[in-house]
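The values are calculated or read from the model by the stated rules, or taken from the named source; none is laboratory data. Nothing here was measured: the structure is a model prediction, and the numbers come from that model. Cβ sites come from the backbone with ideal geometry, for glycine too, and all protein chains shown count toward neighbours. Areas reflect the complete protein model, heavy atoms only, side chains present, ligands, DNA and RNA absent. Shrake-Rupley method; radii C 1.70, N 1.55, O 1.52, S 1.80 Å.
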Amino acid sequence: MANQIDEIKTLDDDKTLADYSARLDALRRDGVNKISELRAAIAAAKKNKMLDDDVRTKIIAEYRAEIVEAKKVADANRAQDAALTKEAVAYANKLAVEYQAAVHAAAEKGRTEARKEYEADLQRIMAENKEREQRLAAEGASKEDLSANAFQYKSALADAKTKFSDALYQCKTDEHQAFVDHVQKNIALRNSKTNFVEDFQLGLKNYAYQFTPQKFFLANGLYIAILIFFIVCVILAPLSGNGYLLTLPNIFTILEQSSVRMFYALGVAGLILLAGTDLSVGRMVAMGAVITGLILHPGQNIVTFFNLGPWNFTAMPMGGRVLMALFFSILMCACFSAVAGFFSAYFKMHPFISTLGTQLIIYGLLFFGTSGTPVGSIDGGIKDLLGGRWIMGYLGGDLITFPKLIVPAAIAIIIAWFIWNKTTFGKNMYAVGGNSEAASVSGISVFKVTLGVFIMAGVFYGFGAFFEAFKANASAGTGQGYEMDAIAACVVGGISFNGGIGKIGGAVLGVIIFTGLTYCLTFLGIDTNLQFVFKGLIILAAVSLDCVKYLKRK
């Protein structure tokens, strides 16, 4: 098979395509390529601590002067470059079709030959085994000799199967590499510029190349099981007399319930990415919700805090009250989260302990300060303005309303995604979570990253706690057990407890899954206590799969 592939003329062997590449390199050498080289040289000069400031300034000025001249060359060659690139890529595409067809034919031939060779090996191995069995029986061989012969037979079969599998895999690899060569050649012709269609095709090819049933079910088995569960619930709902589950109002209700919980999951997700956790989420929620309830209560509060109050903030403008409530909710959550983060970052204390400490402190302060008394409902006008619903109209006789809380949750998701994926801080989070020692050696401040993740989590908790006050009368007991739901949602969403692995999209999906699970069970009339059993089983399954993936990676 290898000899057959080696005999096929590749894209790099084509003289015409090589001529295109040489002409394009000549056009770009003193233009766009030189600009890139000079910009890299400027960046290197700025980081070079061995240079004096005057020397560095002079070198950078010279480089920038050269960039001006290179831009003139690039502008002069732009039209010719574009036309020649288009012509070269078209020729490469035509050539690639022939190349890939030849590789495919060779791979098919290789698979056929490998299959015939495997069948011949099986026949030979079975014949040899039969001959040995007959000889051993005639010689009156011992039980140990018979066992040794059986082991030899199984080993020979396994070796033949491995040889056959390797041959098939090599054929698959050759076909895949032929397409990869084509895409890489086009990217080189376009001077490192990618193409959406090619990227999409390459993604599909890579997925198909790496796909195995074992990997697929290991990565998606839990989601498939949950999907089957939801399908069963959708079927059972009308049969049980509870109505249809899969309706637009029910979907919006699930998303509305997910919205506030989303803030908690987005916060704790960063800590789990650092191989940590946060046990103080529920108490943070209670603290922020109590603060919000005190400030936005319509009229005089009934709650005193450490014998201070009661207060009446109605004299303030409503906008000022809202901003003040949001500010203090975020400030207090961020401060307590920063305290836990300092102990974890400076003393290398596991977040389980540091957040357990802040959880107990907040819990004690809230209950002692308020005597556990609910602060009462917030102003109805502001509740409707920020936490109400927009009327969309009627559908099938049902009034459809859109929850407003979905909007801030969506904004929070976008911000979190941007931080995780598009900032240096986000990249450092992955580095510290994957291997903090290696990150430290590479120049990343583990202390700053860890403390920053804790503070970021506190900000998310503060926003979530602010909106939590819109749902019910806030008290020191508000948010009980929310940390478990947030952590579970992140784990189900694929954020690994081993650190350094996970995506914001996973946390979002996990929140929706858990909220949908609870809603479905409630909709079907399942006892609340039994719902904890379902959640527990899902958590065990998710963490078990994560552990298996981690062991396989090791």
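Please verify whether I538 is part of a loop (DSSP other than H, G, I, E, B) and among the hydrophobic types (A, V, I, L, M, F, W, C), treating the condition exactly as stated. Even if it seems obvious, please write down each step before you answer.
Values: part of a loop (DSSP other than H, G, I, E, B): no; among the hydrophobic types (A, V, I, L, M, F, W, C): yes.
Considered against the rule, which asks whether it is part of a loop (DSSP other than H, G, I, E, B) and among the hydrophobic types (A, V, I, L, M, F, W, C), I538 comes out as no.
Among the residues that make up region 261-269, is at least one of them within 19 Å of the chain's Cα centre (by Cα) and open to solvent by 40 Å² or more (accessible area, probe 1.4 Å)? Break it down into steps so the answer makes sense when it comes.
Residues of region 261-269 within 19 Å of the chain's Cα centre (by Cα): 261-269.
After this cut, where a residue has to be open to solvent by 40 Å² or more (accessible area, probe 1.4 Å) as well, the list is 261.
Checked against the condition, which is being within 19 Å of the chain's Cα centre (by Cα) and open to solvent by 40 Å² or more (accessible area, probe 1.4 Å), region 261-269 yields at least one hit.
If you take the residues in region 182-234 that are in a helix (DSSP H, G or I) and small (G, A, S), which one is farthest from L84 (Cα to Cα)? Break it down into steps so the answer makes sense when it comes.
So the first thing to find is which residues in region 182-234 are in a helix (DSSP H, G or I), and the list is 182-189, 196-210, 213-234.
Filter once more, keeping what is small (G, A, S): 188, 203, 208, 219, 221, 225.
Values: A188: 13, G203: 27, A208: 33, A219: 44, G221: 49, A225: 53 Å.
Checking each candidate, the answer is A225.
Looking at region 36-51, is at least one residue open to solvent by 40 Å² or more (accessible area, probe 1.4 Å), under 40 Å from the mean Cα position of the chain (by Cα) and under 20 Å from Q184 (Cα atoms)?
yes
Only residues in region 101-112 that are over 13 Å from L168 (Cα atoms) count as the first member; pair them with residues that are of a type outside the set (K, R) and open to solvent by 10 Å² or more (accessible area, probe 1.4 Å), Cβ under 8 angstrom, at least 6 apart or cross-chain, and list the lot.
A102/I8; V103/I5; V103/I8; V103/D174; V103/E175
Where in region 418-514 are the helices (runs of 4 or more DSSP H), entirely inside, with at least 2 residues that are touching a residue at least 24 places away in the same chain (Cβ under 8 Å) and open to solvent by 40 Å² or more (accessible area, probe 1.4 Å)?
Working: elements: 424-434, 436-441, 446-468, 482-492.
Counting at least 2 such residues, we get 424-434, 446-468, 482-492.
Name every residue in region 515-542 that is among the small types (G, A, S) and free of Cβ contacts under 8 Å to residues at least 24 places away in the same chain, in order of residue number. Show your work before the answer.
Step one: list which residues in region 515-542 are among the small types (G, A, S), which gives 516, 525, 536, 541-542.
Scanning region 515-542 gives a single hit, G536.
Has region 114-130 got any residue that is under 30 Å from L202 (Cα atoms) and surrounded by 13 or more Cβ atoms within 10 Å (Cβ to Cβ)?
Going through region 114-130, the residues under 30 Å from L202 (Cα atoms) turn out to be 114-115.
Narrowing the set further to residues that are surrounded by 13 or more Cβ atoms within 10 Å (Cβ to Cβ) leaves 114-115.
Looking for residues that are under 30 Å from L202 (Cα atoms) and surrounded by 13 or more Cβ atoms within 10 Å (Cβ to Cβ), one finds at least one in region 114-130, hence yes.
Please specify each residue of region 366-388 satisfying the condition of being charged (D, E, K, R), buried (at least 16 other Cβ atoms within 10 Å of the Cβ) and out of contact with any helix residue (DSSP H, G or I) (no Cβ under 7 Å at 6 or more places or on another chain).
Of region 366-388, the ones charged (D, E, K, R) are 379, 383-384.
Restricting the remaining residues to those that are buried (at least 16 other Cβ atoms within 10 Å of the Cβ) gives 379, 383.
Matches in region 366-388: K383 only.
Any residue in region 69-89 that is hydroxyl-bearing (S, T, Y) sitting within a Cβ distance under 9 Å of a residue that is surrounded by fewer than 13 Cβ atoms within 10 Å (Cβ to Cβ)? List the pairs, counting only those 6 or more apart or interchain.
Sorted first by the residue in region 69-89, then by its partner, the pairs are T85/K193.
Residues Y363, Y346: which one is open to solvent by 60 Å² or more (accessible area, probe 1.4 Å), more than 17 Å from T478 (Cβ to Cβ), at pLDDT 90 or above and not polar (S, T, N, Q)? Please lay out each step first, then the result.
Numbers: Y363 fails: more than 17 Å from T478 (Cβ to Cβ).
So the residue among Y363, Y346 that is open to solvent by 60 Å² or more (accessible area, probe 1.4 Å), more than 17 Å from T478 (Cβ to Cβ), at pLDDT 90 or above and not polar (S, T, N, Q) is Y346.
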